[in-house]
Amino acid sequence: MHFHPDERIALFVDGANLYATSRSLNFDIDYKRLLECFQKRARLVRAIYYTALLDDADYSPIRPLIDWLDYNGFRVVTKPAKEFTDAQGRRKVKGNMDIELAVDVMQLADSLDHIVIFSGDGDFRSLVEAVQDKGRRVSVVSTLATRPAMVADELRRQADQFIDITDLRDEIGRANSERNYPRSDDEDYEDEDYAET
């Protein structure tokens, strides 16, 4: 990873996409360690986590994670999600946070030197190009280690720097026994665009 210690950076985390990526690689993200990983490389100005939540649910399995992030250095952006059951009878939650993430990137771009996007969604290629036109560097964090790859080729090529999350595993991974917030194994979070590569 190439960062300058004086760079002002911000992390923009597409929660559904990062969850799908880490799940496909069979490791959990330790979000405290993730912040520390970037704080030691540059001046971390902001870290924002985007996810959709079920409004009508009494309890959401990602609520403990959202609450933890909100109290530990992340700004959390949520919106209502839609729930459905797939052909295999698994409960799925669908919610796309692309617009919210893109608006925040554009609003903060003038006060940043380097933007880090945790997503492989090809729809962000135009966003990356737009902030590069403002003179900002952009890193994309996803993976090529899965089949198919979790990052769209056009997004990876547009970014100034592609960081494969597998290279960060030792720095930001959490052993399953260390998980301090629950995840329901029968619930999948689906971002309708993340798989388009």
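The values are calculated or read from the model by the stated rules, or taken from the named source; none is laboratory data. Model, not experiment: these values are computed from the prediction. Positions of Cβ are generated from backbone atoms using ideal geometry, with glycine treated the same way; all protein chains shown enter the neighbour counts.
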Every residue in region 154-186 that is acidic (Asp, Glu), part of a loop (DSSP other than H, G, I, E, B) and at pLDDT below 50, please.
185, 186
Go through (1) assigned to a strand (DSSP E or B); (2) among the polar types (S, T, N, Q); (3) out of contact with any Gly (no Cβ under 6 Å at 6 or more places or on another chain) and name the single condition residue 21 misses.
(1)
Could you please let me know if residue 140 is surrounded by 18 or more Cβ atoms within 10 Å (Cβ to Cβ) and closer than 14 Å to residue 16 by Cβ?
no
Which listed residue is crowded, with 17+ Cβ neighbours inside 10 Å, touching a residue at least 40 places away in the same chain (Cβ under 8 Å) and assigned to a strand (DSSP E or B), from 16, 47, 52:
52
Restricting the search to region 67-95, which residues are modelled with pLDDT of 85 or more and closer than 27 Å to residue 37 by Cβ?
67, 68, 69, 70, 71, 72, 73, 74, 75, 76, 77, 78
How do the pairs read when you match residues in region 31-42 that are in contact (Cβ under 8 Å) with a residue 12 or more places away in the chain with residues anywhere that are surrounded by 15 or more Cβ atoms within 10 Å (Cβ to Cβ) and small (Gly, Ala, Ser), using Cβ under 7 Å and keeping only pairs 6 or more apart or on different chains?
35/47; 35/73
Name the pairs: first residue in region 142-164 and farther than 8 Å from residue 120 by Cβ, second residue in a strand (DSSP E or B) and among the small types (Gly, Ala, Ser), Cβ to Cβ under 7 Å, at least 6 apart or on different chains?
159/139; 160/139; 161/139; 163/139
With respect to residue 132, is the statement that it is in contact (Cβ under 8 Å) with a residue 12 or more places away in the chain, farther than 26 Å from residue 169 by Cβ and assigned to a helix (DSSP H, G or I) true?
yes
With the structure loaded, tell me whether residue 150 is part of a loop (DSSP other than H, G, I, E, B), of a type outside the set (Gly, Ala, Ser) and within 18 Å of the chain's Cα centre (by Cα) or whether it fails that test.
yes
Among the listed residues 32, 40, identify the single one that is out of contact with any strand residue (DSSP E or B) (no Cβ under 8 Å at 6 or more places or on another chain), modelled with pLDDT of 95 or more and farther than 18 Å from residue 139 by Cβ.
32
Which numbered condition in (1) surrounded by fewer than 18 Cβ atoms within 10 Å (Cβ to Cβ); (2) part of a helix (DSSP H, G or I); (3) touching a residue at least 12 places away in the same chain (Cβ under 8 Å); (4) more than 15 Å from the chain's Cα centre (by Cα) is the only one that residue 92 fails?
(2)
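May I ask you to list the residues in region 73-89 that are aromatic (Phe, Trp, Tyr) and either assigned to a loop (DSSP other than H, G, I, E, B) or surrounded by 15 or more Cβ atoms within 10 Å (Cβ to Cβ) (or both)? Break it down stepwise before answering.
Within region 73-89, the subset aromatic (Phe, Trp, Tyr) is 74, 84.
The one that is aromatic (Phe, Trp, Tyr) and either assigned to a loop (DSSP other than H, G, I, E, B) or surrounded by 15 or more Cβ atoms within 10 Å (Cβ to Cβ) (or both): 74.
I'd like the full set of residues that are aromatic (Phe, Trp, Tyr) and modelled with pLDDT of 75 or more, limited to region 43-66.
Of region 43-66, the ones aromatic (Phe, Trp, Tyr) are 49-50, 59.
If the condition is that a residue be aromatic (Phe, Trp, Tyr) and modelled with pLDDT of 75 or more, then 49, 50 are the ones that fit.
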Do we have any residue at all in region 95-105 that's over 30 Å from residue 131 (Cα atoms) and part of a loop (DSSP other than H, G, I, E, B)?
no
